[in-house]
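This report concerns only the one structure given below.
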Amino acid sequence: MDETTRHWLWLHYATSTNPRLFCELLSRFDDISEAHEAILKKDFDAFSDVSETVRDRLVTAADERFLDRYCAWLERNGVGVVTAESEEYPTLLSEIYDPPSLLFYKGRLPKELNLPIAMVGARSCTDYGREVAELLGEQLAERGATVVTGLAAGIDSAAAKGALSVGSNDCPVIGVLGCGIDVTYPQNNGDLYQKVIDRGGVLVTEFLPKTPPLAQNFPIRNRILSGLSRGVVVIEAGERSGTSITADCAREQGREVFAVPGRITDPMSVGTNRMITRGEAKPVTCAAEILTEFTDDAGDDVLNGAAKKVTFTSLGAIGQEIYMALLQGEKDADELLDWIDCSAQDLNATLTRMLFSEVIKQLPGRIYALDTIHTVVTFDQ
Amino acid sequence: MLAKVESYGLVALNGYPVTVETDISSGMPNYETVGLPDTAVRESRERVHAAIRHSGFMFPQARITVNLAPADLKKEGSVYDLPIALSILEANGDLRPTPKGMIVLGELALDGTVRPISGILPMLIDAYDKGYSVFYVPKDNAAEAAYIRGATVFPVENLASLIQHLRGETPITPAEPKPFTGGTYNNAVDFSEIRGQTAAKRAAEIAVAGNHNILLCGTPGSGKTMLARAIPSILPDMTFEEALETTKIHSITGAMKGTSGLVTERPFRAPHHGASAASLIGGGTRAMPGEISLAHNGVLFLDELPEFQRNVLEALRQPLEDGFVTVSRAAATATYPAKFLLVAAMNPCPCGNRGSRTKPCTCTAAQIKRYAGRISGPLLDRIDLHIEMTEVGYREITDRKPAEPSETVRARVTAARALQRERFKADGIRTNAEMKGELIRRYCNPTGESEKLLRDAFKRLQLSARAYQRVLKVARTIADLENSPEIRSEHYAEAIQYRSMSMLSDL
């Protein structure tokens, strides 16, 4: 690692994740090596107003042996470092108000991204949210976009999974972490992390190695998430949520904000629906509606473009009745039995067939719903 | 003088004849029991002493040696009180030598009354097979013993009456041989009392018809426990052979003392989830049967399945597959039958509300995964039917539409079981669930459309080879319930429904 990067690592370590303090201190010297020199000489004139803690850290980290150990650790763990000054620093990110002074990354960090779109949403999402996130992630990746996500539980992971399922995209996902680069959060997402890297994507964070995923980290992280992207899609957000903060942040950075509408009675859709009604976000129902803001070649503007077409008559007598019943909302097996005049065994057999032909899908609690994403039922006159 | 009286011993379900030999010789008054007696046998000296005196005889003041042959097998329990007393009286000359081929069993009270013992049925069945046909048993055990066809069973009330009988003074009337009057059934909860849950009831019916294990999964209050408790009401009646098998096991634990004799009602065992592996599988120094053997030919209900200790659940795997269990202890090794219908119940997630449409689930995906992970894949594979039970709404509770009573369902189940018995006559099994590789190939071979359906299911549900075979077996039962000799594709389609539980596949 070159001398300058070492000095950036030193000042970043000392100021932790406070880019404003970083810039302030840097501005007092002609260049960073002078600042480093000053600390080594115990010349604290320029540091008179910084706190005791920061000054201690400045002194500890200025030691060459400390920096040697730090750099060796980063190298050993395959962690790359890119400073705000460097050529490789993402252009979009450098345009925001307070870009991180440096980024740790794992994987391949591209300078220019093809259509980076952030997808954010609740961690405790509904099945609807998960399904939509996966589908939109897949469609975005299919159309060459890169999905930027926080890789947390819920919407984040679903979006990443959807995007990763597209083989043709050589950088489907960028993960922006709210913890150290060597910390996996949630713990069982290790496989997903690895897959992002394997598929040509990258994990980035500005937090020091070993930083735990503390609640206060996430708003700080979210500005990078939106900063790296050209647009932000909000899938599900509750009444007051971190997701809304990300959306506010994105607007301040001048990014396009999109929201997926939900049912007005659904608590997990209150946030997104409000963004739409207030005109803060553009409502979207498919990937094309997002991409059309940035490119002329956005693709079909239907959600289920790839869906199979099945005729109503081909469903059979009981199948038709099940379809008609489910058109009025999801139902469990017993409700279907009340609705349709047939025996439990006939219903079971038909349900299996309809599940396999993807006309319907099964939700937890043995509740059935129409699988409109995979199959469209047409009526032939 | 030397005297011999024959009695019987038991190691697990296997009996062996025991000869009680008594020698009385002159010398310093002394009493010694040899032949590996345990404490209960050794203490018999005090009971025998008092019982002889209170029955109007003199206890000989001489050197007495009681030998229980064969001398290298451990003798346990109080079974030998009566034969020891008899042999002492015989050796003392109070009684003429007893005829050969009679077996004497019983515990003595101090006043000479004969008390019931445990394990009478397995002992007598074994002895009868070995050529013994005359039995003297405690009066309270006579009901149990009287089911052995062709044997003469004398119910003994006290020592004095036995002596009078043997002397030919007041003969004891042999117990009336009891004919088997058919099984009885428990209808503690009738199917008609369960509101809604038509789909789950159908699954329960299939489970019982083919003796398939079943897992009920549902939100709290969806009626899992109630449905499980209603299952005994649709079980087919026990046959005589089944009743004997079950009674033998219950007899060893002493549970049959003072009862009408035979377990005619299919057992329903519901151990608490704190149960240890030994209590479920069997154990103790004497390798006693556990809950799974006590549930033989009946139902083993494990409520809150994930709350059981993991090692306890894993221990169930082998008996579930084999239908028997071998319990090995330092002192004894025993093999007990354990063919039971496993009914297990669990919540869909730690908070219980996953899949509920009225209450939100607060569990994270990781928590649900961990909860479901407490039940290992191999154990789940051995459970043929998985059914998710939906919440019961207000409408269903207040529904006045009459539901089917247990009796109707039981009739269908019995008919399906009869079909199976007929089919497997030559194969040595009774139900579809017991089919193994070769038999599955012979009796369930999907073709054409069914094969395509199953191939789809195999891929989509990521079935293991074992789970796949379970689907075939369940389809066979569904066809049997319809009295259809061939398994049609809709039968397979329904069987697949019982393996597609979203909780276990979706995460």
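Here A:42, A:282, B:139 are placed in order of increasing Cβ neighbour count within 10 Å, fewest first, which gives A:42, A:282, B:139. Comparing A:175, A:78, A:201 in a Gaussian network model of chain A (Cα springs below 10 Å), the most mobile by mean-square fluctuation is A:78. Close amide H pairs (under 5 Å, H built 1.01 Å from N) link residue B:11 with B:16, residues at least 5 positions away or on another chain. Counting only lysines at least 8 places from residue B:178 when in the same chain, those with an alpha carbon closer than 30 Å to its own are B:100, B:130, B:139, B:248, B:257, B:339, B:425. A Förster radius of 25 Å, combined with the Cβ-Cβ distance separating residue B:317 from residue B:14, puts the computed FRET efficiency at roughly 0.45.
Within straight-line reach of residue A:195, meaning a Cα separation under 18 Å, sit the following aspartates and glutamates at least 8 residues removed in sequence or on another chain: A:134, A:138, A:142, A:156, A:170, A:182. Derived scalar couplings between HN and Hα for the range B:159-165 equal 4, 4, 5, 5, 4, 4, 5 Hz in order, rounded to whole Hz, by the Karplus curve 6.51 cos²θ - 1.76 cosθ + 1.60 (θ = phi - 60°), x for Gly and Pro. A full extension of the chain between residue B:32 and residue B:359 corresponds to an added length of 110.5 nm, given 0.36 nm per residue minus the alpha carbon distance. With a Förster radius of 35 Å applied to the beta-carbon distance between residue A:51 and residue A:302, the computed FRET efficiency rounds to 0.05. Subtracting the Cα-Cα distance of residue B:310 and residue B:43 from 0.36 nm times their residue separation leaves 91.9 nm of extension gain. Within 10 Å of the Cβ of each residue in A:349-358, the mean number of Cβ atoms contributed by other protein chains is 6.
Averaged over the residues of B:458-466, the number of partner chain Cβ atoms lying within 10 Å of the residue Cβ comes to 1. Each stretch of four or more DSSP H residues adds -39500 (n - 2.57); spread over every residue of chain A, this sum gives -12500 deg cm²/dmol at 222 nm. With both labels modelled 7 Å from their Cα along Cα-to-Cβ, the residue B:157 to residue A:320 distance reads 7.9 nm. Distance between the C-alpha centres of the range B:416-456 and the range A:168-228: 52 Å, rounded to the whole angstrom. Backbone amide hydrogens, once placed in the peptide plane, bring residue B:117 within less than 5 Å of nothing, excluding anything fewer than 5 places away on its chain.
Per-residue mean of foreign Cβ neighbours for B:363-373 is 2 (Cβ atoms of other chains, 10 Å radius).
Per-residue Cβ neighbour counts within 10 Å put B:310, B:269 in the sequence B:310, B:269, beginning with the fewest. Distances between placed amide hydrogens fall under 5 Å for residue B:344 paired with B:214, B:215, B:216, B:302, all partners being 5 or more residues away or on another chain.
Distance between the pseudo-spin-label points of residue B:468 and residue A:44 (7 Å out from Cα toward the beta carbon): 7.4 nm. Sorting A:331-337, B:58-64 by average packing, meaning the other beta carbons within 10 Å per residue, from highest down gives A:331-337, B:58-64. When B:45, B:53 are sorted by how many other C-beta atoms sit within 10 angstrom of their C-beta, beginning with the fewest, the order is B:53, B:45. Placing a pseudo-label 7 Å from each Cα along the Cα-to-Cβ vector at residue B:408 and residue B:240 gives an inter-label distance of 3.4 nm. Overall, the anisotropy analysis places the range B:341-383 in the oblate class: the square-rooted eigenvalues a ≥ b ≥ c of its C-alpha gyration tensor yield a/c not less than 1.5, with a/b not exceeding b/c. Relative contact order for chain B: 13 percent, from Cα pairs under 8 Å spaced at least 6 residues apart, divided by residue count.
For residue B:201, the lysines whose Cα falls under 17 Å of its own Cα, not counting residues fewer than eight places away in the same chain, are B:224, B:401.
None of the figures in this text is laboratory data; all of them are computed from the coordinates on show. Here the structure is a predicted model, which means the values were calculated and not measured. In this analysis, Cβ positions are derived from the backbone assuming ideal geometry, glycine residues included, and neighbour counts consider all displayed protein chains.
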